[in-house]
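Student: Below is a structure I'd like to ask you about.
The values are calculated or read from the model by the stated rules, or taken from the named source; none is laboratory data. The structure displayed is predicted, hence computed values, not measured ones. Cβ: placed from backbone, ideal geometry, glycine included. Neighbour counts: every protein chain shown.
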């Protein structure tokens, strides 16, 4: 009898394993598509680029980078500005997150939505925005001179302060949403119980709230550090080009101006190692509490604003003013400059710059007409969506049903592009396909592929959140009624994740539209995009007016994407 029972148990376990294997097998084709995409367009080019550099100089390049005083200074500045940027970002976002969780006030939801705007905008537009505010003819200095009558000028451009402020502007929304999302999930009853037992507010925060916030704070810090460590456009525009150089800028110069593959590969290896480690830690932390910085969480009700202490109301008002200046100021500055006939004081309202970018003829300076750069940007963005969204959807759906011991390493492999900067990724693709498929190197499709790789990790995170929100019982019910896996996915799963798919498409579109680093490496004159045109005009000081008009157009497109994402986020939450 015992033998029969044991035999039945063995048989049942065997059948269970076969059923699990059957479930996994039908996920292999979509997962294979994603693995092929990442392997052939990201992993192999990266390994080849690094290997080529090391084959030329061995480990001598790494030794020169680590021991050389110039490159050591570059590495130290890269780390220092990233640390200072994320520290200041977290320091500013924590009080705002607290006040937004603690109290309800008019415009609360609008303010949280508004802080998402910089996350949508290209870094190059951020740099242009700081030009409009803090340049020698910017609005801050015009206010000091013309309104206050002071001779003092605020000289922030081409200093490390401008770089840090731009990073805070760009990353404040990320940190705020991550911390606010986690804070909103903390059970208020725990704090009330502690207070009823005699704990003071400060002690309740330190003992109950803060320990639960630490994973979110660490996650936000790592993500902001990664973005700032890989910074390129902000440093290239706002840095002085001599004292303030990051690894990304140094790598770009070594490859394009010095043709030094050994040192360039060494710089890339250092950057990739640091960023991949940060990405791994970020994924581990964020997976523990289900971080979701894109699709909004359901907010709990806060206390009445009128009942808040005066100190809290004053603090919130100060934060509102500072946030509006930090987030809206550069954007408003760009838009106003785009309608201004003169960059300094005086002048009149004009559409001159918009006429130039919409109806101007061929420009030998950028290689095409300004209007053609708009067409190029839009076409690249649409093609990026067509590649990124299906691949990311297949990846997220397949990952959802993989066993845990397989899911983590596969997801980490698929997220490798998050740990590689756009510049390094583009240089790797350029070097690899110059040797193995030269026609692709000079075609517009290599730009689209690079944009797709850059947008893919974020799309995968968004869609993974969507698939995770679906109850397995719904899918199992459709299967029990006779639906095949494909029909179950098509008619049951896909409609449920539709808002996440659209959000993924909008983010992919926005990322492609504003990409600068990868495009700068891969483009040829006939494929110039709006960000490249902005950089060419600004770097040579030839046409600031057109640069402001291009930037205003990118802000408009970013706002359209932002508004749609914000609306869909509310839909996905229901």
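Student: Any idea which residue in the range 354-368 is nearest to residue 534 (Cα to Cα), counting only those that are assigned to a helix (DSSP H, G or I) and touching a residue at least 40 places away in the same chain (Cβ under 8 Å)?
Tutor: Only one residue tops the list, namely 357.
Student: Given (1) under 34 Å from the mean Cα position of the chain (by Cα); (2) modelled with pLDDT under 85; (3) surrounded by 11 or more Cβ atoms within 10 Å (Cβ to Cβ), identify the lone condition not met by residue 308.
Tutor: For residue 308, the exception is condition (1).
Student: Filter the range 140-186 down to the residues that are over 25 Å from residue 90 (Cβ atoms) and part of a helix (DSSP H, G or I), then identify the one that is nearest to the chain's Cα centre (by Cα).
Tutor: 140
Student: Are any residues in the range 481-515 free of Cβ contacts under 8 Å to residues at least 24 places away in the same chain and touching a helix residue (DSSP H, G or I) at 6+ places or on another chain (Cβ under 6 Å), and if so, which ones?
Tutor: Scanning the range 481-515 gives 488, 492.
Student: Also: Out of the range 446-480, which residues are part of a helix (DSSP H, G or I) and without any contact (Cβ under 8 Å) to a residue 24 or more places away in the chain? Before you say what the answer is, go through the steps one by one.
Tutor: Keep residues of the range 446-480 that are part of a helix (DSSP H, G or I), which gives 446-468, 472-480.
Within the range 446-480, 472, 473, 474, 475, 476, 477, 478, 479, 480 qualify.
Student: Do we have any residue at all in the range 28-45 that's closer than 30 Å to residue 172 by Cβ, modelled with pLDDT of 60 or more and touching a helix residue (DSSP H, G or I) at 6+ places or on another chain (Cβ under 9 Å)?
Tutor: Yes, the range 28-45 contains at least one residue that is closer than 30 Å to residue 172 by Cβ, modelled with pLDDT of 60 or more and touching a helix residue (DSSP H, G or I) at 6+ places or on another chain (Cβ under 9 Å).
Student: Looking at the structure I just gave you, is residue 354 modelled with pLDDT of 90 or more and more than 30 Å from residue 50 (Cβ to Cβ)? Write out each step before concluding.
Tutor: Working: modelled with pLDDT of 90 or more: yes; more than 30 Å from residue 50 (Cβ to Cβ): yes.
Yes; evaluated as a whole, the condition is true for this residue.
Student: Among the residues of the range 187-196, are any within 27 Å of the chain's Cα centre (by Cα), touching a residue at least 24 places away in the same chain (Cβ under 8 Å) and more than 17 Å from residue 127 (Cβ to Cβ)?
Tutor: no
Student: To continue, here is another question. Restricting to the range 75-91, what's the tally of residues that are surrounded by fewer than 23 Cβ atoms within 10 Å (Cβ to Cβ) and either modelled with pLDDT under 85 or over 30 Å from residue 192 (Cβ atoms) (or both)?
Tutor: So the answer is 10.
Student: Let me ask another. Looking at this structure, is residue 334 at pLDDT 85 or above, out of contact with any strand residue (DSSP E or B) (no Cβ under 8 Å at 6 or more places or on another chain) and not in a helix (DSSP H, G or I)?
Tutor: Details: at pLDDT 85 or above: yes; out of contact with any strand residue (DSSP E or B) (no Cβ under 8 Å at 6 or more places or on another chain): yes; not in a helix (DSSP H, G or I): no.
Spelling it out, it is not the case that residue 334 is at pLDDT 85 or above, out of contact with any strand residue (DSSP E or B) (no Cβ under 8 Å at 6 or more places or on another chain) and not in a helix (DSSP H, G or I).
Student: If I ask for residues that are over 20 Å from residue 511 (Cβ atoms) and at pLDDT 90 or above, which ones from the range 442-456 would you list?
Tutor: 443
Student: Can you spot a residue in the range 388-399 that is modelled with pLDDT of 90 or more, outside any loop (DSSP other than H, G, I, E, B), under 16 Å from residue 447 (Cβ atoms) and under 22 Å from the mean Cα position of the chain (by Cα)?
Tutor: Within the range 388-399, one or more residues are modelled with pLDDT of 90 or more, outside any loop (DSSP other than H, G, I, E, B), under 16 Å from residue 447 (Cβ atoms) and under 22 Å from the mean Cα position of the chain (by Cα).
Student: I need the helices (runs of 4 or more DSSP H) fully contained in the range 490-574, keeping only those with at least 2 residues that are farther than 22 Å from residue 371 by Cα and at pLDDT 90 or above.
Tutor: It comes to 498-514.
Student: Is it fair to say residue 427 is surrounded by 15 or more Cβ atoms within 10 Å (Cβ to Cβ), modelled with pLDDT of 90 or more and farther than 30 Å from residue 493 by Cβ?
Tutor: Criteria met by residue 427.
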